[in-house]
1. Between Thr264 and Thr350, how high is the FRET efficiency from 1/(1 + (r/R0)^6) when r is the Cβ-Cβ distance and R₀ = 60 Å? Nearest 0.05.
2. For the chain, give the magnitude of the charge dipole about the Cα centre (Cβ charges: +1 Lys/Arg, -1 Asp/Glu; no others), in debye to the nearest 20.
3. Would you mind telling me the share, in percent, of accessible area of the range 43-98 contributed by carbon and sulfur at probe 1.4 angstrom?
4. Please identify, among Gln382, Gln357, Gln291, the residue showing maximal mean-square fluctuation in a Gaussian network model of the chain using a 10 angstrom Cα cutoff.
5. Could you work out what % of the accessible surface of the range 281-339 is carbon and sulfur, using a 1.4 angstrom probe and leaving DNA, RNA and ligands out of the count?
6. What is the Cα radius of gyration of the range 236-315 over 2.2 N^0.38 Å, N being its residue count?
7. Please list 421-428, 132-139 highest first by mean number of surrounding beta-carbon atoms within 10 Å per residue.
8. Which residue fluctuates most in the GNM of the chain (Cα springs below 10 Å): Asp282, Asp122, Asp342?
Amino acid sequence: MLKLKRLKTLTCLLLVLAALLMPVCAAEPPAITSAAAILYEVKSDEILFEYNADVQRYPASTTKLMTAVVALENGNLTDTVTVSQSALDGLPERGSSVFLIAGEEMSFSDMLNYLLVASGNDAANALAEHVAGSVDNFVAMMNEKAAELGCTGTHFANPHGLHDENHYTTARDLLYIARYAMQNPTIAEIVAKPQIELAPTNKHAESTTLTTTNHLLTRIRRSEYYYPSAIGIKTGFTTPAGNCLIAAAQNDDLTYISVVLGGTETEDGEITSFSETIALLDYAQDGFAVQQLVKSSDPITEVPIRLATDRDTLVLTPESDLSALLPVGFDPSEVTVDFTTDEDICAPITQGQALGQATFTYNGKEYGTLNLVASDDVERSQALYIVDRVTSFFGSTAFRIVVAAVLALIVLFVVWLFIMRARNKRRRRVRGRYRRR
């Protein structure tokens, strides 16, 4: 019996050891049934996944993220916004526009919260008129901002996102907008709120509590989509656009942003814009990790050196470690290095002295360029140095100029001697003639 227990214990240990030694496989990206998607990590500036990211789609209320950006950059949080009848006209009764009343006065800050958390279409129009004087002027500002952010597949026709054939964007462009918007602390704070409470106004005597349309942030409506690390951002839906979601999640010092457009609602009630967003965020956090591409101690190349006391070569290493967000299961042996070094490397050399550069690539993507530095000090041989200086002088341009000048002087001197001898001969001949007479 004792031997059997020992055998079982040994078997368990071997199984655990085998599991630890098994290679870690990279996570598979999720299957996307929605029309378009993209996944991005902010700190590393890495696109981790994309699907139809440049195909133009209707954005629905995700539009309101750009509305908030333009409103904040051109308005004032301490302003009071007065709702006009024109801001309410034309908005569908069944849309998210049943709160404001013509003539109602609301703080700019509350209006922005209503826009981003409860997705008020009327709030979008009210802010647009307040900031730009008219919705049309505001939309022009939205398109100008989109171009500034590098959005090449986007055209806005309104500030709320209700369907218009000329109102479209791409998953990639919405990522650009979201990345920029989340740099604004006011927007980042608002889009993370599960609920808001709006202060009483001249048309509403009581404060009003509204819940976010983003199920990732709260268990109140659809608890199955609650995502603890979510920090925003914005939902959207119209029949032509389908279910749309820009989302963000934070894990330690990494921030992930995803965009899913054209999601559907299945027969069993699944909203794919949410379920596929969760799958993308899980993939980002489980399938990628910050890992070292190269260490500062790794030898990259060995270069010839001249004038050294006791060596002919020197090992070069990176000036620092280089890390990147890489797939789990990343193999350092697959990193490729392209490097250049100084042509004529001479002692003395100090450890850490830059003598070249190396670019590190993995899976076809460049992750950084570092200086290549000397791995240790190299002393100069004084005898070799003197010989080199002498040799260098005799091979230098200055020496050639001196030699050329000396040769020129010699030639001139020879010519001068020749001329002087010729003159003397003529003089002697003349004197000889006079003597004969």
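1. Using R0 = 60 Å, I get an efficiency of 0.40.
2. 6060 debye
3. 43 percent
4. Gln382
5. 45 percent
6. 2.17
7. Ranking, from highest mean packing down: 132-139, 421-428.
8. Asp342
The values are calculated or read from the model by the stated rules, or taken from the named source; none is laboratory data. Predicted, not measured: the structure shown is a model, and the values here were computed from it. Cβ sites come from the backbone with ideal geometry, for glycine too, and all protein chains shown count toward neighbours. Keep in mind that these areas ignore ligands, DNA and RNA; they rest on the heavy atoms of the full protein, side chains included. Shrake-Rupley method; radii C 1.70, N 1.55, O 1.52, S 1.80 Å.
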